[in-house]
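What follows is one structure encoded as structure tokens, with my remarks underneath.
The values are calculated or read from the model by the stated rules, or taken from the named source; none is laboratory data. Because the structure is predicted, anything quoted here is derived from the model rather than measured. Virtual Cβ from ideal backbone geometry, glycine too; neighbours counted across all protein chains shown. Side chains are part of the model used for accessible areas, which takes the heavy atoms of the whole protein and leaves out ligands, DNA and RNA. Shrake-Rupley method; radii C 1.70, N 1.55, O 1.52, S 1.80 Å.
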Amino acid sequence: MLIRLTLAFLLALAAPAHAGITLGWAPAAPMSVTRTHFQGVALDDGRLMVAGGSGGTVKASVEFYDPLTDRWSPGPPMSEPRTSHAMTKLTDGRVLVAGGFLSATAEIYDPRTNAWTPVRNLAGQRRTGTLVPLAGGRALLAGGSLPGNAGSVELFDPLFNGWTSIPTGLPADRRFIGAAALPNNGVLVGPELTLDQDGQELPLQRNWTFSHPANTWSGPRPMHVARIYPSLTALADGRVLAAGGSGDLRSEIYDPATGTWTLAAATPGPIVQPISTLLANGQVMLTNGNGSGNDVFFYSPATNTWSGGRAFTRGVAYHSLTRLHDGRVLLAGGNLGSETLLWTPTATLSTDRAVTFEERAEGTTGVADIVVTNTSAEPLVTADHALSGGEAGDFAVDAARCRSVAPGASCRMDVRFTPRGGGVRGATLSFAANTTTGTYSVALSGRGIAGPPAPPAPIPAGQRDDDGDGLPNEADACAGSAGPRARRGCPTGLLADPSIRYQRLKNGIKVVAYYVKATTGARITVTCTRNACRRATATGKGARPVRIKALNGKRLRNGTRINVTVALPGRLTTPSRTASPRTAAARAARAARP
């Protein structure tokens, strides 16, 4: 029988990424039409939705981007063409679209029915507004340009499928630029603008906060820097980052706990009419929005620092910038026309090196899994899962649960083994990931037992068959245990495959997780020398690893050994002893066969 110690390993070697997953920015599939002055929304099913926009003509068309296939597909058009409209995903998963150039209408798209439903009209036309989702499927519409009182704000309520105007008390010549979500159904609205005697926009360096469901205002909240069309990005901790929109490169952060703005680090370069999105790691991605620069900057709230620089060969403008569910970011349209760019972060991972199945009769199926752990602070993406090798047809892999893995999380790829013949069967699973290594390989192996067993020959007169397996004692290598003729009367060996994940310490290791793969139904017994752990027992589940929880967090000094014994009535007992902490990383496998 084969006893193998499989260690989890960190794969972050310096090498080009797999062709299927390019790190950083790379071209993605183009949209079907040119779009500018539009927005994208990530749906709950992982697709990206874009609607409307201009570019030659104002459009009512809708498209969906699937990051798993890098393909766009058409959706049902809106009831009317729209550009410079507001768009957001509500808390119930539907998508609300409102206003646009010369438009006061609104409508809702429901992914469950793939259809649009009209909504009562706005109080007036509104373009370049901002929609902020609130609890209960509600949303606040603020900012933008509209006739009359430009400072007006409207609240959408799904209970009556319409809008309520929320008085602000601002003079008629004032208006808001945008809005951002705050904790507890709050919204930060602003900055505030007015017009001088020549009709030029003047920023007033102040914001207001809106509280729902009381629908009350508080403020003003003075800012440090006068900004025209900055980006307002809600951070993961509930604060809001304001950046760009000024010759002053300093950014600033609003803290709802104190109701004040605090200056933050300056951007590495000027950002005009910026477009931003919050990344999965809590940082903010910031791009120019009017074609004046080709830089992409990243802000880290944890360190109050900016990084990044030139990313494109030319400036980008009037595009959409949307974080996908798998952590990547799609930049679409604008002055790129119908073209799109996909940004992919760099992650690290650990995974199994090999999976070994216990013996199976030809045509029967065994199930195992490959554990993949995201060991980085970035989202992990895997793709291009493929089987190769002489007996690749004996194996099948379902990697759907590992398409996207959150930082610090693990996933399992399901592997099935159905031998089509006898003897050792093997294949290799390869897949790509957004790491510097790029491509990974996992060895798959098992042993098939071909065909039904031959009928036992009669025992010659005068000879004995004490274990009743059809072989006389004289020809039986294991006369005390029944076994097939192909194994000279010895029972099938037991699977005993321990694996360990650990952290190095000065004088040993700390066990993070310890697993044993053992024959289904077999009794697993685990002990440690030096009384370093209490005796633990478990039951084998075939090629699926069983976690030995008694070893969780155990600190083992150099020289300590973990002993594993696997036993099953009528089968051989398999003793296994892992390497000590001093040599655990150096020894990849141990082998023994009766």
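Quick notes on this structure:
- The listed residue being part of a loop (DSSP other than H, G, I, E, B), over 22 Å from Ile562 (Cβ atoms) and at pLDDT 80 or above, out of Gly521, Gly470, Gly489: Gly521
- Trp343 passes every criterion in (1) farther than 23 Å from Pro74 by Cβ; (2) surrounded by fewer than 23 Cβ atoms within 10 Å (Cβ to Cβ) apart from (2).
- Any chance Thr322 is in contact with a Gly (Cβ under 6 Å, 6 or more places away or on another chain) and within 19 Å of Ser404 (Cβ to Cβ): yes
- The set of residues in the range 54-74 being among the hydrophobic types (A, V, I, L, M, F, W, C), at pLDDT 95 or above and over 18 Å from Tyr318 (Cα atoms) consists of Phe64, Trp72.
- Identity of the residue in the range 264-274, β-branched (Val, Ile, Thr) and open to solvent by less than 40 Å² (accessible area, probe 1.4 Å), that ends up modelled with the lowest pLDDT: Ile271
- A single member of Leu188, Leu141, Leu159, Leu90 is open to solvent by less than 10 Å² (accessible area, probe 1.4 Å) and touching a helix residue (DSSP H, G or I) at 6+ places or on another chain (Cβ under 9 Å), and it is Leu90.
- The number of residues in the range 426-448 that are at pLDDT 95 or above and either among the acidic types (Asp, Glu) or touching a Pro at 6+ places or on another chain (Cβ under 7 Å) (or both) comes to 1.
One line per residue, one yes/no per condition, for (1) over 17 Å from Ala354 (Cα atoms); (2) in contact with a Gly (Cβ under 9 Å, 6 or more places away or on another chain):
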| residue | (1), (2) |
| --- | --- |
| Gln503 | yes, no |
| Ile509 | yes, no |
| Ala518 | no, yes |
| Val526 | yes, no |
| Thr539 | yes, yes |
| Gly553 | yes, no |
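- Whichever residue in the range 554-569 is out of contact with any helix residue (DSSP H, G or I) (no Cβ under 9 Å at 6 or more places or on another chain) and outside any strand (DSSP E or B) and, among such residues, is nearest to Lys506 (Cα to Cα): Asn558
- Yes/no for Ser388 being crowded, with 18+ Cβ neighbours inside 10 Å and more than 25 Å from Ile500 (Cβ to Cβ): no
- Subset of the range 106-126 [on the phi < 0 side of the Ramachandran plot, surrounded by fewer than 18 Cβ atoms within 10 Å (Cβ to Cβ), touching a strand residue (DSSP E or B) at 6+ places or on another chain (Cβ under 9 Å) and modelled with pLDDT of 90 or more]: Glu107, Asp110, Pro111, Ala115, Thr117, Pro118, Arg120, Asn121
- So Ser103, is it open to solvent by less than 10 Å² (accessible area, probe 1.4 Å), over 30 Å from Thr382 (Cα atoms), of a type in the set (Ser, Thr, Tyr) and more than 25 Å from the chain's Cα centre (by Cα): yes
- Residue pairs whose Cβ atoms lie under 7 Å apart, separated by 6 or more positions or on different chains, with the first residue in the range 394-418 and over 14 Å from Arg360 (Cβ atoms) and the second hydroxyl-bearing (Ser, Thr, Tyr) and not in a helix (DSSP H, G or I), are Ala399/Thr382; Cys402/Thr382; Arg403/Thr382; Pro407/Ser376; Ser410/Thr373.
- Residue within the range 351-365 that is closer than 30 Å to Lys89 by Cβ and open to solvent by 10 Å² or more (accessible area, probe 1.4 Å) present: no
- Boolean, Asp326 is open to solvent by less than 40 Å² (accessible area, probe 1.4 Å), acidic (Asp, Glu) and within 16 Å of the chain's Cα centre (by Cα): yes
- Scanning the range 236-263 for residues that are assigned to a strand (DSSP E or B), surrounded by fewer than 16 Cβ atoms within 10 Å (Cβ to Cβ) and polar (S, T, N, Q) gives Thr260, Thr262.
- Per the conditions (1) open to solvent by 20 Å² or more (accessible area, probe 1.4 Å); (2) closer than 15 Å to Leu155 by Cα; (3) at pLDDT 95 or above, the sole criterion not satisfied by Pro77 is (2).
- Selection of the range 127-138 for residues being outside any strand (DSSP E or B), modelled with pLDDT of 90 or more and open to solvent by 40 Å² or more (accessible area, probe 1.4 Å) yields Ala135, Gly136, Arg138.
- Just one residue in the set Thr346, Thr364 is within 29 Å of the chain's Cα centre (by Cα) and either within 23 Å of Ala518 (Cβ to Cβ) or touching a residue at least 24 places away in the same chain (Cβ under 8 Å) (or both); that residue is Thr346.
- A residue that is part of a loop (DSSP other than H, G, I, E, B), within 26 Å of the chain's Cα centre (by Cα), of a type outside the set (Val, Ile, Thr) and farther than 16 Å from Ser79 by Cα cannot be found anywhere in the range 113-126.
- Residue match in the range 404-417 (condition: in a loop (DSSP other than H, G, I, E, B), modelled with pLDDT of 95 or more, open to solvent by less than 30 Å² (accessible area, probe 1.4 Å) and not basic (Lys, Arg)): no
- Taken over the range 287-301, the criterion of being of a type outside the set (Val, Ile, Thr), in contact with a Gly (Cβ under 7 Å, 6 or more places away or on another chain) and either open to solvent by 20 Å² or more (accessible area, probe 1.4 Å) or under 15 Å from Ala332 (Cα atoms) (or both) is satisfied by Asn288, Gly291, Ser292, Asn294, Asp295, Phe298, Pro301.
- Number of positions in the range 224-257 that are of a type in the set (Ser, Thr, Tyr) and at pLDDT below 95: 3
- Options Thr233, Thr194, Thr168; residue that is polar (S, T, N, Q), in a loop (DSSP other than H, G, I, E, B) and open to solvent by less than 50 Å² (accessible area, probe 1.4 Å): Thr168
- Within the range 419-431, being surrounded by fewer than 21 Cβ atoms within 10 Å (Cβ to Cβ) and touching a Phe, Trp or Tyr at 6+ places or on another chain (Cβ under 8 Å) holds for one residue alone: Ser430.
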